[in-house]
Structures are given as structure tokens and as C-alpha cells.
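The values are calculated or read from the model by the stated rules, or taken from the named source; none is laboratory data. Given the structure is predicted, the values throughout are model-derived calculations rather than measurements. Glycine also receives a Cβ, built like all others from the backbone with ideal geometry; neighbour counts cover every protein chain displayed. To get the accessible areas, we keep the full protein, side chains included, count just its heavy atoms, and leave off ligands, DNA and RNA. Shrake-Rupley method; radii C 1.70, N 1.55, O 1.52, S 1.80 Å.
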Amino acid sequence: MFKQLNSIRYMYIRSHLYGLILNIFIMLALLLSVHVWFNPDWLHPGAILFFIVSYLLVGFVMAVYAGFKSSGDMKQRMDYISTMITRLARGELSSRLYFNEDDEISGIADELNTLGEKLHQQRESLLKLADEKGELARTAHKAATIEERQRLARDLHDAVSQQLFALTMMAQAADRVIEKKPEQAKKQLKEITQMALQAQTEMRALLLHLRPVHLSGEPLGQGIASLIEELKQKCSLDFKVQLEDVTDLSKTTEEHLFRVVQEALSNILRHANAKEVKVEMTSSSREVFLHIADDGSGFHAEDKQDNKASYGLKTMRERCEEVGGEFTIRSRVGEGTHIDLRVPKQLSIKEAEE
């Protein structure tokens, strides 16, 4: 009830009542002045009181009626403005207001119309940007797919294809000398076996790249563990795995870290000649630590001319830096390779301030 007394209609009524009270005081002052100065017979105190009370009663009724009638148009226009604001909030940006009056309320309506038009234009721009972003994402994905296929094709040609060709030549040579020179043929067969094993390792590494790079809803640790279990069944590497459950990582960060592990294991299979691989993932309140190491042949990490591994290392570094992490690699010939990643977690605003 008290809330209704603050409405526009009651504000108008109160303003008329304020005017009535002011008029009563003015008229009372005038009548008392005439009574004191001229003292006419008809203007005695009783007559003054009767006149003031009568004026008050009639004026009260008229003030209420006039305030109620005069506020009707104003209340209706304010209701229209309120409805307009509600429609804009709901996203009905094509709604418009039109008043015939040329006053401040009409000015507010015109400003709301302008706001609605601008919001409509911004929404159209955002929809257009969203379409363009989606198209760019599809184009980038297509380009990345083509680039990956071209890299795999080059690797197949440079590694597996050449090894198979060499196997064919050596097998033909062994077949020609197997009766005349059995010792030489036996030596060639051993080389064929070794080369076949190397080709098999190359194929496993390349097939590892063809594995889906997304985690399919799995946590990062579980995805890495599944990847390593697959490799255990296909190669003779001895894996030492220590993976903590890591939370507060975005899906993008998890995908990038998973791909880094995938790339690192592929490089180990193809180039390291390792027997043991260590994969560790731990975390603190703010960072995730990922360590991948092997006891393989190693290489000069500062040598940027290592064509076999440079592309993979560059890709891993770029992926790590893209999610705000630090990528470090240590390697020496005969001492294996160690890769360390430090990636920040997602922090709430309160945690970040602390």
C-alpha cells in the first residue's frame, strides 16, 4: 500500500494538495488582515473559520480529482517506456516508441529508440563476426589438416618408403647369394631384420600422429595413461609413469598438453633408440608440471639443423607457449632427452588476488 503512494498518480495528487494547503494559508492571511485592518461586520471569526473549512473540503475533492485526471496521460506514457525497456532487455530490439507530445518524456522515448537501433546494429555485427569466426576456424582447421597430412606424407616417403625400398633391394641381393655365399646372405638377413624393425617403429610413430588428438571427455591424466597403455602393447619400451589428477585446466590447455605428450612420445619412438621412458605430471595450487624423459641417444639441443626433430620440438614449444606455459628441453648425445613444461592453472579472481 505504501509503495503505491509513491506512484506517479499519487505524486500528482500530493502536488495538488500541497497547492491547496498553500492557498489556504494565503487566503487565511488575507482574511485575517482585512479583519484586523477594516473590521467589517460580515467578517467575524466564525465566518472566517466557516469559509476556510468549506474551501478546504471542496479544494480537497478538486485536488484529488484534478491530480488523478492529469496524471493519467503521464502514467500511460511511463508504462509505455517501462514496457519498451523490458522488451529491449528480452532482446526485442525492433520495438519503438512514438509520442505526439514534444516534451522531456518524448525525448526519453527518442533516446530509447536510438538505443534500440544501436543495440540491433551491434547484435547484427556480432552475428556477422561469429559467422566470420566460424568460417576462419573451419579454414584454419582445414589448413592444419592439410599441413599435417603433408608432413605425414613426407615422413612416410623419407623414412618408411625408403626403408621398404632398401629392404626390397637387400632381400633380392640375399636371394642371389644365399646358395653361393651363405655367410654373406645371413649377414644381409640380419640387416634386413634390423631395418624391418626400424620401419615398424617408424610406422608406429606415424600411426601415433593419426590417433585422435582430443581427449573425448577424459581427464588429462587418464588420456595420457590410455595413450601409454596403447604404446606398451605395440613396442618394447619400459614406461615409468606417475600422473596426478589435475584440475582447474581449461579444455584447450588439456588438449595442447596431450598433444605435446603425443609428439614427444612419437619423437622418442622414431629417433631416440631408447629403452626407458619416464612421464611425470604433478601440480601445485597454481601450476602444472609435466616431465618427459628418455635414456636414448640424445642430440645437441642447440643444434637447430636437426631436421628430423626440429619440427616436432618447434610444435611442442608453440603449443606450450600458446597456453601461457614454459617449455624447456635438455639433451646431450648419449645421455637422453629431458622435456619439462610448466603451465599455469585457471585461477578464480579471489585466488589471483591472494
Does at least one position in segment 194-210 carry a residue that is modelled with pLDDT under 85, among the polar types (S, T, N, Q) and more than 30 Å from ALA173 (Cβ to Cβ)?
no
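Each row is one residue, and each column tells you yes or no for (1) under 35 Å from the mean Cα position of the chain (by Cα); (2) at pLDDT 65 or above; (3) of a type in the set (A, V, I, L, M).
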{"residue": "THR145", "(1), (2), (3)": "yes, yes, no"}
{"residue": "LEU156", "(1), (2), (3)": "no, no, yes"}
{"residue": "ASP175", "(1), (2), (3)": "no, yes, no"}
{"residue": "ILE192", "(1), (2), (3)": "no, yes, yes"}
{"residue": "LEU249", "(1), (2), (3)": "yes, yes, yes"}
Hey, MET74 hits all of (1) open to solvent by 50 Å² or more (accessible area, probe 1.4 Å); (2) closer than 30 Å to THR114 by Cα; (3) of a type in the set (A, V, I, L, M, F, W, C) but one; which does it fall short on?
(1)
Just to be sure, is GLU111 modelled with pLDDT of 75 or more, assigned to a helix (DSSP H, G or I) and more than 30 Å from THR86 (Cα to Cα)?
no
Residue satisfying all of: in segment 22-45; of a type in the set (Val, Ile, Thr) and over 20 Å from PHE60 (Cβ atoms); nearest to the chain's Cα centre (by Cα) among these:
VAL34
Quick count over segment 261-276, residues being closer than 12 Å to LEU313 by Cβ and in contact with a Lys or Arg (Cβ under 7 Å, 6 or more places away or on another chain), is 1
I need the full set of residues from segment 30-56 which are aliphatic (A, V, I, L, M) and surrounded by 10 or more Cβ atoms within 10 Å (Cβ to Cβ), in order please.
LEU30, LEU31, LEU32, VAL34, LEU43, ALA47, ILE48, LEU49, ILE52, VAL53, LEU56
Among the residues of segment 287-296 satisfying the criterion of being more than 11 Å from VAL246 (Cα to Cα) and either outside any strand (DSSP E or B) or among the aromatic types (Phe, Trp, Tyr) (or both), which is least open to solvent (accessible area, probe 1.4 Å)?
GLY296
Which one is nearest to LEU17 (Cα to Cα), of the residues in segment 28-57 that are touching a helix residue (DSSP H, G or I) at 6+ places or on another chain (Cβ under 7 Å) and among the β-branched types (Val, Ile, Thr)?
ILE52
Residue list for segment 239-284, restricted to those being in a strand (DSSP E or B) and open to solvent by 10 Å² or more (accessible area, probe 1.4 Å)
PHE239, LYS240, VAL241, GLN242, LEU243, GLU276, LYS278, GLU280, THR282, SER283
Looking at (1) modelled with pLDDT of 85 or more; (2) surrounded by fewer than 18 Cβ atoms within 10 Å (Cβ to Cβ), which one does CYS320 not meet, given that it meets all the others?
(2)
Looking at segment 87-119 only, could you name the residues that are of a type in the set (Val, Ile, Thr) and open to solvent by 60 Å² or more (accessible area, probe 1.4 Å)?
ILE108, THR114
When residues of segment 215-244 are filtered for being at pLDDT below 85 and among the β-branched types (Val, Ile, Thr), how many remain?
0
